[in-house]
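Right, one structure below, let's go through it.
The values are calculated or read from the model by the stated rules, or taken from the named source; none is laboratory data. Owing to the predicted nature of the structure, the values given are computational and were not obtained by experimental measurement. Positions of Cβ are backbone-derived with ideal geometry, glycine not excepted, and every protein chain shown enters the neighbour counts. To get the accessible areas, we keep the full protein, side chains included, count just its heavy atoms, and leave off ligands, DNA and RNA. Shrake-Rupley method; radii C 1.70, N 1.55, O 1.52, S 1.80 Å.
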Amino acid sequence: MLPQKQANECLDCHAPLAERKALVAQIQAWASAPKTPPPAHVPATLGHDGLVCAACHVRGHTRFGPPPRSGKPAAGGPHGGFEVSAAFEDARFCAACHQFPEEGPRVAGKL
Ligand code: HEC
Ligand code: HEC
Ligand code: HEC
């Protein structure tokens, strides 16, 4: 069990959603853990999941995605459309989690 302060460094990349951090805090019984169960839209399993779709595609209950490939509309579809964001086409999207500075955090000696 990691102390919360140390674990928070990991959660920024491994569990970027606030909803998931709250569940992890409850699982770990950290002092800051919410006292109430999560809202209905949060699946109970989320606290144990890896990087879920929503981690990259949902912010503030809005779905985001890349500019549609030719012929595909951003409206309609199974989720009633999504907000187009150019950020999905940019390598910096991945770099925030995958590019480590030399002095960055290490696990078992590896960045
Ligand atoms: C800056 C973002 C970032 C931070 C901070 C971070 N990680 Fe990671 N971690 C990653 C990425 C990205 C991978 C996947 C790398 C790969 O597989 O090439 C990974 C992989 C791992 C793995 C291997 C998972 C596997 O399935 O092989 C473990 C274990 C891990 N991290 C633990 C931690 C711990 C513990 C911390 C906090 C001390 C931490 N990480 C902090 C981004 C991060
Ligand atoms: C690590 C971040 C990340 C995660 C997690 C993620 N996506 Fe994406 N997704 C992206 C990016 C970036 C693109 C844009 C890729 C491109 O333009 O080639 C994308 C594109 C898409 C597209 C559009 C594909 C197209 O043909 O234009 C769909 C649909 C999609 N994701 C669904 C999902 C689903 C479903 C999940 C979970 C199973 C998921 N994504 C998880 C980052 C992510
Ligand atoms: C929010 C942080 C985050 C972002 C943004 C992100 N990743 Fe990751 N990625 C991770 C973590 C954490 C893992 C390790 C997952 C695990 O093992 O649980 C991972 C794993 C991977 C892996 C699997 C590596 C392996 O060894 O199996 C690939 C490939 C990958 N990411 C590519 C991308 C690409 C491409 C993008 C940009 C479109 C991206 N990631 C954006 C955090 C991120």
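Take the residues in segment 49-63 that are away from ligand 1 (no atom under 15 Å from the Cβ) and surrounded by 15 or more Cβ atoms within 10 Å (Cβ to Cβ); name whichever of them is nearest to LEU11 (Cα to Cα).
Going residue by residue through segment 49-63, those that are away from ligand 1 (no atom under 15 Å from the Cβ) are 53-54, 57-63.
If we keep only those that are surrounded by 15 or more Cβ atoms within 10 Å (Cβ to Cβ) as well, we get 54, 57-58, 63.
On the way: ALA54: 15, HIS57: 17, VAL58: 17, ARG63: 22 Å.
Per the stated criteria, the residue is ALA54.
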Q. Going through segment 90-104 one residue at a time, which ones are of a type in the set (Asp, Glu) and surrounded by 11 or more Cβ atoms within 10 Å (Cβ to Cβ)?
A. ASP90
(Q) Condition (residue is among the β-branched types (Val, Ile, Thr), open to solvent by less than 70 Å² (accessible area, probe 1.4 Å), more than 16 Å from ligand 2 (Cβ to nearest atom) and in the same structural domain as GLU9 (by TED's automatic domain parsing)) applied to segment 21-28: is it met by at least one residue? (A) yes
Q) So which residues in segment 58-111 are modelled with pLDDT of 85 or more and in contact with a Lys or Arg (Cβ under 6 Å, 6 or more places away or on another chain)? A) PHE82
Q: Answer with yes or no whether CYS13 is within 30 Å of GLY81 (Cβ to Cβ) and within 12 Å of ligand 1 (Cβ to nearest atom).
A: yes
Q: Provide a single number: the residues in segment 73-88 that are surrounded by 10 or more Cβ atoms within 10 Å (Cβ to Cβ) and within 11 Å of ligand 2 (Cβ to nearest atom).
A: 8
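Within 13 Å of ligand 3 (Cβ to nearest atom), of a type in the set (Gly, Ala, Ser) and touching a residue at least 24 places away in the same chain (Cβ under 8 Å): which single residue out of ALA87, ALA55, ALA91 fits that description?
On the way: ALA87 fails: touching a residue at least 24 places away in the same chain (Cβ under 8 Å); ALA91 fails: touching a residue at least 24 places away in the same chain (Cβ under 8 Å).
The conditions single out ALA55.
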